[in-house]
Amino acid sequence: MSGVWVFKNGVVRLENPGGGGEGSSGGRGGGSSRRRRKVLVHLPTEEVMASHEVLERYLRELGWEHYPSTPELIQYHQRSSVHLISLPRDFSRVSSVHMYDIVVKCRNIFEVRDA
């Protein structure tokens, strides 16, 4: 189920239900699509995170280390906290939820933007 939850006149409803996801057969170039691809940006350098290698370089600078995980996931943790960042091993499957998780755990360092 995809769409936007709207609260109006004391009622919550889902608008645009059943719309295709980002990977639907329509492709990425459709100007009429409401969903935009998101990117994770490293704010000090304005660099877009395009691979696990690039992201890991910045996470390591912030004290994040690899955490043993399953073959499907790459995980990072900080010894000084209980936080854990979990990402799919295939970087193309990193969603905006994963990106916002990184933003929350690395405040003022990363930002999620429309591509």
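The values are calculated or read from the model by the stated rules, or taken from the named source; none is laboratory data. Note that this is a predicted model, so its numbers are computed, not measured. Positions of Cβ are generated from backbone atoms using ideal geometry, with glycine treated the same way; all protein chains shown enter the neighbour counts. What goes into the accessible areas is simple: the full protein's heavy atoms, side chains included, and nothing from ligands, DNA or RNA. Shrake-Rupley method; radii C 1.70, N 1.55, O 1.52, S 1.80 Å.
Odds and ends about this structure:
Results for (1) out of contact with any Asp or Glu (no Cβ under 6 Å at 6 or more places or on another chain); (2) more than 20 Å from Glu65 (Cβ to Cβ); (3) at pLDDT 95 or above, shown as yes or no for each residue.
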position	(1), (2), (3)
Gln78	yes, no, no
Val82	yes, no, no
Ser92	yes, yes, no
Ser96	yes, yes, no
Arg107	yes, no, no
Phe110	yes, no, yes
Asp114	yes, yes, no
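- Cross-chain or 6+ apart pairs with Cβ under 7 Å, segment 67-88 first and within 15 Å of Leu55 (Cα to Cα) and among the aromatic types (Phe, Trp, Tyr), then part of a loop (DSSP other than H, G, I, E, B) and modelled with pLDDT of 90 or more: Tyr76/Trp64
- When the criteria are applied in full, Glu46 meets the requirement of being modelled with pLDDT of 95 or more, open to solvent by 70 Å² or more (accessible area, probe 1.4 Å) and either closer than 16 Å to Glu111 by Cα or not small (Gly, Ala, Ser) (or both).
- Here Pro17 fulfils each of the conditions (1) open to solvent by 40 Å² or more (accessible area, probe 1.4 Å); (2) outside any strand (DSSP E or B); (3) modelled with pLDDT of 75 or more apart from (3).
- Arg35 vs. criteria basic (Lys, Arg), farther than 30 Å from His66 by Cβ, under 15 Å from the mean Cα position of the chain (by Cα) and at pLDDT below 75: yes
- Considering residues of segment 70-99 that are exposed (fewer than 15 other Cβ atoms within 10 Å of the Cβ) and among the small types (Gly, Ala, Ser) only, the residue nearest to the chain's Cα centre (by Cα): Ser95
- Of the residues contained in segment 100-114, none is found to be in a loop (DSSP other than H, G, I, E, B), free of Cβ contacts under 8 Å to residues at least 60 places away in the same chain, of a type in the set (Val, Ile, Thr) and surrounded by 10 or more Cβ atoms within 10 Å (Cβ to Cβ).
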